[in-house]
Amino acid sequence: MEALNASFVPSPHIPATPAQVLRKSQFLHFQFSSIPSSFVQSYDRNKSSSKILTTLSSSVSTETLDPTEPALETDSQQETFDWYAQWYPVMPVCDLDKRVPHAKKVMGLDLVVWWDRNENEWKVFDDTCPHRLAPLSEGRIDQWGRLQCVYHGWCFNGSGDCKFIPQAPPDGPPVHTFKKACVAAYPTTVQNDIVWFWPNSSPEYKDILSSKKPPYIAELDDPSYIKTMGNREFPFGYEILIENLVDPAHVPYAHFKLLPGPPAKNRVKLDREGGAPIDITINKLDKEGFHASRFGGITNFMAPCVYKSAFSLPPKKGNEPQRRGLLLFFCVPVGPGKSRLIYTFPRNFGVWMDRIMPRWVFHLSQNRILDSDLYLLHLEERRIMEVGPTNWQKACFVPTKSDAQVVAFRRWLKTYSGGQINWGGKFSGALPPTPPKEQLMDRYRSHVVNCSSCSLAYKSLNALEVALQVISFGSIGAVAATKQNAMSAAARTSLVLMAILCFAASRWLAHFIYKNFHFHDYNHALL
């Protein structure tokens with residue numbers, strides 16, 4: 001899962017020489033590689049504020065990596081992480097249609113995201129009409145730019161105030177001004193082309209943006225960087241999503257033939273996939289997250305949602321600027337057993353490819369990578385729930401340094417949140433039942449309907465499939481309806497041939513659509 005941006009972007013799988021880098025077919029794989037220090041920008045390890053955590057980087061020892069031992073340097077260990085006092089990403093702006101309200105869920109809260117054209121801002125409300133609790137996300141934006149509930153027509157402005165109740169007599173009491181007629185409006189902002197919200201609508205947080213902002217990524221606003229975004233819904237929880245993203249060791253196995261394995265020093269290939277030891281050091285862990293390094297490469301988990309890995313490459317020519325990039329994952333807790341990933345890989349090199357290649361084409365390969373370990377993670381989460389999420393450190397055997405970031409995340413979760421998300425008492429802790437695999441891995445519901453590029457491509461390809469079938473049957477009909485002596489043999493042959501080719505193309509296209517926009521299984525045993 002640490003590898004997404006496949007096939008069409010220059011490879012981060014570092015080869016022997018810089019000239020070979022851009023000839024590779026993968027980009028995201030930088031995240032999972034032990035990047036040579038000569039390729040990575042040096043950084044200042046502030047030893048005065050935190051010591052290097054040798055617990056996770058010393059020997060391959062179960063005792064050394066035992067997460068129950070208080071060996072990690074942590075700041076303010078008695079503090080508790082407040083899950084409802086954080087900014088959360090909701091969706092990329094590019095995947096939100098300003099004409100309609102959108103239903104989203106974050107931290108167990110049902111939300112409606114809509115564009116207020118009167119204030120030229122995205123708004124995030126509680127997805128519940130105060131009248132009869134109908135979902136506002138099923139409503140519309142009326143001609144005055146208000147959010148309208150389609151059950152009884154109640155209308156709300158960008159502050160959540162009710163502005164119109166059709167059933168209230170105009171000469172009666174102004175019931176639309178009552179507090180109970182208002183919708184909970186959450187603090188909302190757009191940063192780095194992503195809509196963020198604060199999951200507390202209390203008046204005291206109305207101006208929270210002035211004192212606390214979402215994590216800012218400067219490269220996403222840099223015009224010299226390309227930053228194609230994607231999003232995906234997953235049938236496993238936030239905890240599983242994070243620990244999978246920070247784990248480089250699974251890449252050559254779970255994503256076999258989809259991504260190259262991470263390079264390693266002094267590798268001795270002992271199996272088909274070529275796995276090898278990965279040297280990861282945790283430099284700091286506190287309530288805000290953790291910092292890690294691998295051969296000079298820096299990664300950073302910014303609690304609760306952002307995982308960032310920075311890299312740089314030497315210029316191809318002496319007078320060119322240094323090539324830089326980031327791997328960015330925005331991990332959203334949706335509910336027990338459900339999570340959302342927003343991902344992007346900003347970089348200042350190879351930008352021409354993203355400018356000429358349709359966004360949906362990139363998503364085809366990225367979704368294939370995400371699907372290759374989705375079922376594993378779904379089942380893994382259920383096994384963890386059987387032993388109890390607070391017992392993760394006792395149930396899982398993590399004796400090598402390649403698991404250092406996974407252990408660090410679980411240590412952070414245990415130290416500051418009791419080993420699991422605090423859902424505010426909204427859930428009992430039980431996971432949703434496991435559906436059939438075809439439904440569990442259905443790409444249409446988990447991605448296509450939420451992606452403006454892929455949904456448009458899906459509609460266009462389906463229209464093309466129908467057009468090919470119409471041409472095919474139309475050609476056969478024309479041959480059948482025309483008298484034999486009214487059409488030359490060559491013309492008849494051409495029409496029949498065209499009908500066969502169009503029908504075959506429509507069948508191939510139907511298979512392509514199903515495999516790339518609905519369901520594509522990944523059988524690891526037969527690879």
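The values are calculated or read from the model by the stated rules, or taken from the named source; none is laboratory data. Since the structure is predicted, the reported quantities are computational estimates derived from the model, not experimental observations. Note that we place each Cβ from the backbone using ideal geometry, even for glycine, and neighbour counts take in every protein chain shown. Each accessible area value is taken on the protein alone, full model and side chains, heavy atoms only, with ligands, DNA and RNA left out. Shrake-Rupley method; radii C 1.70, N 1.55, O 1.52, S 1.80 Å.
Would you point out the residue of the range 270-299, among those that are touching a Gly at 6+ places or on another chain (Cβ under 7 Å) and not acidic (Asp, Glu), that is surrounded by the fewest Cβ atoms within 10 Å (Cβ to Cβ)? The extreme case among them is Gly274. In the set (1) surrounded by fewer than 20 Cβ atoms within 10 Å (Cβ to Cβ); (2) touching a helix residue (DSSP H, G or I) at 6+ places or on another chain (Cβ under 7 Å), Pro333 fails one condition alone, (1).
Of all positions in the range 228-248, none carries a residue that is open to solvent by 30 Å² or more (accessible area, probe 1.4 Å) and over 20 Å from the mean Cα position of the chain (by Cα). Might you let me know whether the range 253-265 holds any residue that is buried (at least 20 other Cβ atoms within 10 Å of the Cβ) and either modelled with pLDDT of 90 or more or under 23 Å from Ile194 (Cβ atoms) (or both)? Yes, the range 253-265 contains at least one residue that is buried (at least 20 other Cβ atoms within 10 Å of the Cβ) and either modelled with pLDDT of 90 or more or under 23 Å from Ile194 (Cβ atoms) (or both). Taking the criterion of being out of contact with any Gly (no Cβ under 9 Å at 6 or more places or on another chain) and either free of Cβ contacts under 8 Å to residues at least 60 places away in the same chain or over 14 Å from Gly158 (Cα atoms) (or both), the residues of the range 115-138 that qualify are Asn120, Asp127, Thr128, Pro130, His131, Arg132, Leu133, Ala134, Pro135, Leu136, Ser137, Glu138. Scanning the range 92-114 for residues that are among the hydrophobic types (A, V, I, L, M, F, W, C), open to solvent by 40 Å² or more (accessible area, probe 1.4 Å) and part of a strand (DSSP E or B) gives a single hit, Ala103. In the range 387-403, the residues that are in contact (Cβ under 8 Å) with a residue 40 or more places away in the chain form Cβ pairs under 7 Å with partners that are surrounded by fewer than 17 Cβ atoms within 10 Å (Cβ to Cβ) and among the small types (Gly, Ala, Ser), at six or more places apart or across chains, as follows: Pro399/Ser61.
Of all residues in the range 156-203 being of a type in the set (Val, Ile, Thr) and more than 30 Å from Pro215 (Cα to Cα), which is surrounded by the most Cβ atoms within 10 Å (Cβ to Cβ)? This residue is Ile165.
Before we move on, is Arg492 open to solvent by less than 60 Å² (accessible area, probe 1.4 Å) and basic (Lys, Arg)? The answer is yes for Arg492.
Val351: surrounded by fewer than 22 Cβ atoms within 10 Å (Cβ to Cβ) and in contact (Cβ under 8 Å) with a residue 24 or more places away in the chain, yes or no? Here the answer is yes, as Val351 does meet what is asked.
Within the range 180-190, is even one residue modelled with pLDDT of 95 or more, in a helix (DSSP H, G or I) and either at negative phi or β-branched (Val, Ile, Thr) (or both)? Taking every residue of the range 180-190 in turn, at least one turns out to be modelled with pLDDT of 95 or more, in a helix (DSSP H, G or I) and either at negative phi or β-branched (Val, Ile, Thr) (or both).
When Asn422, Asn391 are checked against the criterion of being within 23 Å of the chain's Cα centre (by Cα) and of a type outside the set (A, V, I, L, M, F, W, C), Asn422 stands alone in meeting it. Scanning the range 502-527 for residues being assigned to a helix (DSSP H, G or I), open to solvent by 50 Å² or more (accessible area, probe 1.4 Å) and touching a residue at least 24 places away in the same chain (Cβ under 8 Å) gives a total of 2. Is it fair to say Leu136 is at pLDDT 95 or above, crowded, with 16+ Cβ neighbours inside 10 Å and either among the acidic types (Asp, Glu) or within 30 Å of Thr228 (Cβ to Cβ) (or both)? Considered against the rule, which asks whether it is at pLDDT 95 or above, crowded, with 16+ Cβ neighbours inside 10 Å and either among the acidic types (Asp, Glu) or within 30 Å of Thr228 (Cβ to Cβ) (or both), Leu136 comes out as no. Given the criteria in contact (Cβ under 8 Å) with a residue 12 or more places away in the chain and assigned to a strand (DSSP E or B), does Val150 qualify? No, not satisfied.
Counting only residues that are assigned to a helix (DSSP H, G or I) and among the hydroxyl-bearing types (Ser, Thr, Tyr), which one in the range 454-489 is surrounded by the fewest Cβ atoms within 10 Å (Cβ to Cβ)? Top of the filtered list is Ser460. Taking the range 310-361 as the range and being hydroxyl-bearing (Ser, Thr, Tyr) and over 29 Å from Arg445 (Cα atoms) as the test, only Ser312 passes. If the condition is being open to solvent by 40 Å² or more (accessible area, probe 1.4 Å) and acidic (Asp, Glu), then the range 355-397 contributes Glu380, Glu386. When the helices (runs of 4 or more DSSP H) confined to the range 398-448 are screened for residues that are buried (at least 18 other Cβ atoms within 10 Å of the Cβ), those reaching at least 3 such residues are found at 404-417.
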